[in-house]
1. Quickly work out the residue 42-to-residue 14 label distance, labels modelled 7 Å from Cα along the C-beta direction, and quote it in nm with one decimal.
2. Hey, with R₀ at 30 Å, roughly what FRET efficiency would residue 88 and residue 68 work out to, going by the Cβ-Cβ distance, to 0.05?
């Protein structure tokens with residue numbers, strides 16, 4: 001077609017729409033936190049919904065309950081850390097500087113130790 005330029009993807013990494021829940025904490029003030037949904041993710045960045053605008057340049061920690069079990073038994077969570085590079089009142093994008101999978105344990109029940 002002539003006259004209308006085709007959209008060209010500028011991102012260097014393929015993004016995946018995963019739609020998983022996420023909790024986020026902005027550092028150093030972890031009181032700025034909330035939950036949302038991951039819109040898409042790549043090896044270098046993540047786009048997620050937020051309840052409020054996050055500060056540009058802020059460090060953020062994201063926690064994602066992972067849908068797969070370790071050895072078909074142990075729940076996992078994905079922990080991401082990065083920098084907010086884009087934000088609006090309802091979503092944000094962050095670079096991924098570091099990530100790791102951890103086992104997702106539940107808090108022990110209160111009571112005497114056995």
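Computed from the coordinates by the stated procedures, all read-outs in this text should not be read as laboratory data. Just so you know, these numbers come straight off a predicted model, no measurement behind them. Quick reminder, even Gly has a Cβ in these numbers, built from the backbone with ideal geometry, and neighbours come from all protein chains shown.
1. About 1.2 nm, to one decimal.
2. For R0 = 30 Å, the calculated efficiency reads 0.45.
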